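The next block holds one structure in the form of structure tokens; read it before the comments.
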Amino acid sequence: MGVPIDYFRNVYDSIAPLAARSFALLRDDGTVLARFPAEVEPTGVPIADLSWFAAAARGGGFYVTRDAQTRETRLVAVRPVPGHPLFVNVAITESAALATWEHRALWIGVGSLLAFLCCAALLSGLVRKSRRLEQTTSQLDAALNNMSYGLCMFDRDARLILHNARYRQMYGLGAAAVRPGTSLRELLRLRTEAGTVCADPESYLAELTGAISRDTATHVMTRLGDGRVIAVLNDPTGDGGWISVHEDITERTQAEQRIAHMARHDALTDLANRLLFRERMDEAIARLGRTGKGFAVLIFDIDLFKSVNDSLGHSGGDALLEAVAERLRRTAASDDTLGRIGGDEFAIIQHCHDDPRGETGARAERLLDDLRAPYEIEGKRIVIGISIGVAIAPEDGTEPSQILRNADLALYRAKSDGRGCYRFFEPAMDADAQLQREFEFELREALVRKEFEIHFQPIVDIATCRACAVEALVRWRHPDHGLIPPDKFIPVAEEIGLIIPLGEWILDTACRIAADWPDDVRLAVNLSAVQFRSGNLVEVVRDALARSGLPAARLELEITESVLLQKDHGGLAVLHDLAALGVHIVLDDFGTGYSSLSYLQLFPFSKIKIDKSFVADLPTRSDCAAIVCTVVNLAKALDMGTTAEGVETVEQLELLRAAGCREAQGWLFGRPGAASALVLDQPLAAPRISPPTATAPKRRSADGRAGGPMPGRRVVGPSH
């Protein structure tokens, strides 16, 4: 069949815009029938490329050839024409074929690069987030495991979600045994084995489950077997689970207990303080109302503790108070309450049974004996005395303040009765206290109104029974109460500061009166320790002597060891200045206080006065006789005179004469009276005196039994 070549040209023209492509029509023997573009290869000539024949033999296909002229690689597709011995070739240059792919590859590369960059950025962000998450997780773990609280989180099935190391440490649990998913019951079992579980785990579990189901937080305080106290807060999370926080509050609890203890106990002695003592009194009163069983309150203090404290120093005084407290503990009954309610003031609540007065009296006697025993304080041997006041409920009151007040009144009576003893409260003591309060207001006016009087009592030379000295003693002639003895108002005068002007008046008045006595009769005047602290005592004495014209050698100033107990240079300097004036310094009430022998080294006294407590039982007690003889011999060895106080019988006088005592003073030679009644020019023989009693009265204890001489001192002041 003949086909015009232009026909194929028209076909080719339709595909001509496709650059770098060629079209050929061939017979099955490889002869080129038509070729477009024609300039590529001639027509009518068999194709020379063997690859074409191979593709044609396969019934069509593809092969790659290289143009001999342009050396350009071409991709050739061979397809048979169905029903005809013809083949069609379509060729395209490699560059044209790949042009679209390269364009797409460029876009794919750009897109891939962008995708890679996006992926890289995303991955970098994920890495950063992962690292931050890891860091946050690490920080959270560090925070959980280093916090002072034990922490657990449980799900709604009461299974462990997480916990920290502190929780395991608090309860002695191993890390292998405590894992997520462990049930609370299993944890309690593990804690039971470790000995760190609460008292009743089942009850705790039931209460906790009930509270969580009600969405209610619970606070539990558990005391473990090793003494630790753990506070547990279980806080619901809203989804049926909860967070459990465990805090060891042992130290805080102990600190709170210490604070509570300190608030109710004395810091020095650890005895009950006034607050706790009042609370225990309230409890005792409540017990009294329930059972009818009474109780007693004993209040005591250390006699002359201030002077002892000044002598030993504050550290020594504190050590003495601690030693007294320790003796109280050793002798206390199990139901006693021991308290320190003041500086040196102690108190005891004693529960009574059948005989309150007898039981309390026996206890007071034991206290006197136990606390008088010597103490070793900072290498020094110390002996103290105490005075005790007793009030019994309900006889002496049913209110704490009333009972304490009455015990204080009894204590005051024990002191006024000579110290070193105990006294039960009596209603008359209240009247005395009221009288003292009245005195506080009236004493100042009494000096202005000239209600004070000076009485004189002779001191005799035992060898001749003639008066060798006279002691000036003050009395208060009250317009309503009559003549009041000094022991009733001198302590009040010392407290309110009236003792300074009163002492000056006594000294000045006595010196003026004594100036008219014979030259061989001396005047004795008592000085209070308060006067030594006034700072002008030497000037007062010098002025009194100058105004009266009394020679200094005829004046004796009596002091008690309370002045010397302080052992300060100021008091000793005053004594030396007084001695420099020419007056005589006498140590009064010798032997009744603390370490009196040491005072004889501090100052060279002119005379020692032997206390009347030793003289009273001189005929009946060998120990009193031994003490008197020792003091007299000691005074002789030190070239000091001796005066015995309280001489009331001829027998006492003869024993003193035999002992070598030089002077005596007492009712045997005359009661204190007006200066006009003094007999100074003749012997005061014993038969001329009618003493009120044949023998001196012995001390009576609070229960009425006879005892020895009172070891306490009488009140000191310019009143004797």
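The values are calculated or read from the model by the stated rules, or taken from the named source; none is laboratory data. Computed from a predicted model, the values in this text were never measured in an experiment. Every residue, glycine as well, gets a Cβ built from its backbone with ideal geometry; the counts of neighbours run over all protein chains shown.
Just a few scattered comments:
- Any chance E539 is assigned by TED's automatic domain parsing to the domain that holds I496, under 51 Å from the mean Cα position of the chain (by Cα) and not aliphatic (A, V, I, L, M): yes
- Screening the range 237-269 for residues that are touching an Asp or Glu at 6+ places or on another chain (Cβ under 8 Å) and within 19 Å of L321 (Cα to Cα) and picking the one that is surrounded by the fewest Cβ atoms within 10 Å (Cβ to Cβ) gives L268.
- Residue check for L483: closer than 20 Å to T560 by Cα, of a type in the set (A, V, I, L, M), in contact with a strand residue (DSSP E or B) (Cβ under 8 Å, 6 or more places away or on another chain) and not in a loop (DSSP other than H, G, I, E, B): no
- When the residues of the range 399-424 are filtered to those that are of a type in the set (A, V, I, L, M, F, W, C) and within 19 Å of D487 (Cα to Cα), the one that is nearest to the chain's Cα centre (by Cα) is L411.
- No other residue among L173, L187, L117 is farther than 22 Å from D239 by Cα and under 40 Å from the mean Cα position of the chain (by Cα) apart from L173.
- Set side by side, the residues I454, I500 differ, and just one is within 44 Å of the chain's Cα centre (by Cα) and on the phi < 0 side of the Ramachandran plot, which is I500.
- Residue in the range 358-373 that is in the same structural domain as G292 (by TED's automatic domain parsing), surrounded by fewer than 22 Cβ atoms within 10 Å (Cβ to Cβ) and over 20 Å from A333 (Cβ atoms) present: yes
- Every pair of residues 6+ apart whose Cβ atoms lie under 9 Å, when the first sits in the range 611-630 and is in the same structural domain as L653 (by TED's automatic domain parsing) while the second is part of a helix (DSSP H, G or I) and among the polar types (S, T, N, Q): V615/Q652; A616/Q652; L618/Q652; P619/Q652; C624/S613
- Residues being part of a loop (DSSP other than H, G, I, E, B), at pLDDT 75 or above and in contact with a Phe, Trp or Tyr (Cβ under 9 Å, 6 or more places away or on another chain) - total across the range 563-594: 0
- For A658, the conditions (1) exposed (fewer than 15 other Cβ atoms within 10 Å of the Cβ); (2) among the hydrophobic types (A, V, I, L, M, F, W, C); (3) touching a residue at least 12 places away in the same chain (Cβ under 8 Å) are fulfilled apart from (3).
- Selection count where residues are touching a Lys or Arg at 6+ places or on another chain (Cβ under 6 Å) and among the small types (G, A, S), scope the range 441-475: 1
- One residue from T70, T93 being assigned by TED's automatic domain parsing to the domain that holds F36 and surrounded by 12 or more Cβ atoms within 10 Å (Cβ to Cβ): T93
- Check on A319, touching an Asp or Glu at 6+ places or on another chain (Cβ under 8 Å), modelled with pLDDT of 90 or more and within 22 Å of D417 (Cβ to Cβ): no
- Any hit, the range 528-537, residues being within 30 Å of V679 (Cβ to Cβ), touching an Asp or Glu at 6+ places or on another chain (Cβ under 8 Å), modelled with pLDDT under 95 and not in a helix (DSSP H, G or I): yes
- Filter result for S315 (farther than 24 Å from L409 by Cβ, touching a residue at least 24 places away in the same chain (Cβ under 8 Å) and of a type in the set (G, A, S)): yes
- Tabulated pairs, the range 123-148, first in contact (Cβ under 8 Å) with a residue 60 or more places away in the chain, second assigned to a helix (DSSP H, G or I) and basic (K, R), C-beta under 8 angstrom, 6+ apart or interchain: S148/R166
- Any hit, the range 391-399, residues being crowded, with 21+ Cβ neighbours inside 10 Å, in contact with an Asp or Glu (Cβ under 7 Å, 6 or more places away or on another chain) and not assigned by TED's automatic domain parsing to the domain that holds I500: no
- Being closer than 30 Å to A658 by Cβ and among the β-branched types (V, I, T) holds for only one residue in V521, V540, and it is V521.
Quick grid of which residues meet (1) at pLDDT 90 or above; (2) more than 55 Å from the chain's Cα centre (by Cα):
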position: L597; (1), (2): no, no
position: G646; (1), (2): yes, no
position: R662; (1), (2): yes, yes
position: W667; (1), (2): yes, yes
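- Residue tally, condition touching an Asp or Glu at 6+ places or on another chain (Cβ under 7 Å) and surrounded by fewer than 16 Cβ atoms within 10 Å (Cβ to Cβ), over the range 40-64: 1
- Given (1) of a type in the set (A, V, I, L, M); (2) in a helix (DSSP H, G or I); (3) surrounded by fewer than 18 Cβ atoms within 10 Å (Cβ to Cβ), index of the condition A333 fails: (2)
- Test result for V647, β-branched (V, I, T) and within 23 Å of R475 (Cα to Cα): yes
- Pairs with Cβ under 6 Å, 6+ apart, first in the range 153-164 and outside the structural domain of G181 (by TED's automatic domain parsing) and assigned to a strand (DSSP E or B), second of a type in the set (S, T, Y) and at pLDDT below 90: none
- In the range 270-286, residue farthest from the chain's Cα centre (by Cα) [restricted to those that are without any contact (Cβ under 8 Å) to a residue 40 or more places away in the chain and over 26 Å from L320 (Cα atoms)]: A286
For every residue, the table says whether it meets (1) at pLDDT 90 or above; (2) within 30 Å of T398 (Cα to Cα); (3) not assigned by TED's automatic domain parsing to the domain that holds G641.
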| position | (1), (2), (3) |
| --- | --- |
| Q436 | no, yes, yes |
| E445 | no, no, yes |
| Q457 | yes, no, no |
| R466 | yes, no, no |
| R477 | yes, no, no |
| G482 | no, no, no |
| F489 | no, no, no |
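- Taking the criterion of being crowded, with 23+ Cβ neighbours inside 10 Å and free of Cβ contacts under 8 Å to residues at least 60 places away in the same chain, the residues of the range 492-513 that qualify are A510, C511.
- Inclusion of A463 among residues that are surrounded by fewer than 14 Cβ atoms within 10 Å (Cβ to Cβ) and either under 24 Å from Q665 (Cα atoms) or touching a residue at least 40 places away in the same chain (Cβ under 8 Å) (or both) is warranted.
- Test: residue in the range 690-699 that is touching a Ser or Thr at 6+ places or on another chain (Cβ under 8 Å), at pLDDT 50 or above, surrounded by 15 or more Cβ atoms within 10 Å (Cβ to Cβ) and not basic (K, R): no
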